[in-house]
Amino acid sequence: MDPVRVHFLGTGDAFSAGGRSQAAYLIQCAQGSLLLDCGASVLASLKRHDLASGCIDTILLSHFHGDHIAGLPFLFLEYIYVEPRRRPLKIVGPEGVENRVMQVFRAMYADSAAEPLPYHVEFMEIGPRRELFIDGMRIRAFQAPHDEPPLSLGYEITAEGRKIVYSGDTGWSEDLVVHARDADLFICECSFFETRMDTHLDYPRIAENLKRFGAKRIVLTHLGQEVLRRRDEIEPEMAHDGLVIAL
Ligand SMILES: [Zn+2]
Ligand SMILES: [Zn+2]
């Protein structure tokens, strides 16, 4: 097996443009499996691509929008009823992660959320310029201009000497150039083409900075309908659901 594999489980935006699933990326190395973001469609994505739902050791959340966290209640239920889990599940995210995740669980399945889970969930907070070591991976967070600060993060994840950078959902920030430098893989959101916002990236903005990123491989994701409609004009690689990258 390759030292590190990245499964692109969901490469669409909140609107599932083009029928794509919502944000979810499974990073696997010898020491563990990390699910990066957990969109509402995560269970369907895992099963469509023959990945065991129980393989996940840690879930790392970039921010609390539904297309990044709403899959968690379904995973909680899966681990109660379908793939009974005994080993702990680690969930890492911005400040307040435990409260937000449990709020979503209670809102969607009040009856199940009222009972103690049959497995331990360990919540860990991370913030800008902080780092954690989990399952043989080093996770470093940086601020992303998206949701109200400090609640939206991008990540540098280093596993087996490979560096993966994930923009999260983000407006333009020079920090992206700094963090993407020397990355083996830069997973960069690209929600729009014509529309320009301070809280998401558009393709022209990415194109004008493409040579500055310095990553060995850049893959665009979180693709919205403007981007999909004009895909012939896009130079870098575009992710698709089911893409697997070995590093
Ligand atoms: Zn968002
Ligand atoms: Zn999003």
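The values are calculated or read from the model by the stated rules, or taken from the named source; none is laboratory data. Computed from a predicted structure; not experimentally measured. Glycine also receives a Cβ, built like all others from the backbone with ideal geometry; neighbour counts cover every protein chain displayed. Side chains included, ligands, DNA and RNA excluded: accessible areas come from the protein's heavy atoms. Shrake-Rupley method; radii C 1.70, N 1.55, O 1.52, S 1.80 Å.
Which residues, taken from region 72-99, are within 16 Å of ligand 1 (Cβ to nearest atom) and under 12 Å from the mean Cα position of the chain (by Cα)?
Gly93
Against the condition away from ligand 2 (no atom under 16 Å from the Cβ) and in contact with a helix residue (DSSP H, G or I) (Cβ under 7 Å, 6 or more places away or on another chain), how does Phe192 come out, does it pass? First the steps, then the outcome.
Values: away from ligand 2 (no atom under 16 Å from the Cβ): no; in contact with a helix residue (DSSP H, G or I) (Cβ under 7 Å, 6 or more places away or on another chain): yes.
When the stated conditions are applied, Phe192 does not pass them.
Which members of region 196-209 meet the condition of being in contact with a strand residue (DSSP E or B) (Cβ under 8 Å, 6 or more places away or on another chain) and either open to solvent by 50 Å² or more (accessible area, probe 1.4 Å) or modelled with pLDDT under 95 (or both)? Full working, then the answer.
Residues of region 196-209 in contact with a strand residue (DSSP E or B) (Cβ under 8 Å, 6 or more places away or on another chain): 196, 200-203, 206.
Across region 196-209, the qualifying residue is only Arg196.
Using the structure shown, decide if Leu9 is at pLDDT 95 or above, out of contact with any Asp or Glu (no Cβ under 8 Å at 6 or more places or on another chain) and assigned to a strand (DSSP E or B).
Details: at pLDDT 95 or above: yes; out of contact with any Asp or Glu (no Cβ under 8 Å at 6 or more places or on another chain): no; assigned to a strand (DSSP E or B): yes.
So Leu9 fails the test.
Please find, among Ser167, Ser173, Ser112, Ser191, the residue that is open to solvent by less than 30 Å² (accessible area, probe 1.4 Å), polar (S, T, N, Q) and away from ligand 1 (no atom under 16 Å from the Cβ). Show your work before the answer.
Details: Ser167 fails: away from ligand 1 (no atom under 16 Å from the Cβ); Ser173 fails: away from ligand 1 (no atom under 16 Å from the Cβ); Ser191 fails: away from ligand 1 (no atom under 16 Å from the Cβ).
Of the residues listed, the single one that is open to solvent by less than 30 Å² (accessible area, probe 1.4 Å), polar (S, T, N, Q) and away from ligand 1 (no atom under 16 Å from the Cβ) is Ser112.
Take Arg217 and decide whether it is away from ligand 2 (no atom under 16 Å from the Cβ) and surrounded by fewer than 19 Cβ atoms within 10 Å (Cβ to Cβ). Write out each step before concluding.
Details: away from ligand 2 (no atom under 16 Å from the Cβ): yes; surrounded by fewer than 19 Cβ atoms within 10 Å (Cβ to Cβ): yes.
Yes: the conditions hold for Arg217.
Can you name the residue in region 144-160 that is open to solvent by 30 Å² or more (accessible area, probe 1.4 Å) and away from ligand 1 (no atom under 14 Å from the Cβ) and, of all such residues, is farthest from Glu189 (Cα to Cα)?
Ranking the candidates gives Glu160 first.
Name the pairs whose Cβ atoms lie under 7 Å apart, with the first residue in region 19-46 and over 17 Å from Val165 (Cβ atoms) and among the polar types (S, T, N, Q), the second part of a helix (DSSP H, G or I) and open to solvent by 10 Å² or more (accessible area, probe 1.4 Å), and 6 or more positions between them or separate chains?
As it stands, the answer is Ser21/Ala44; Gln22/Asp67; Ser33/Cys55, since those pairs meet every condition given.
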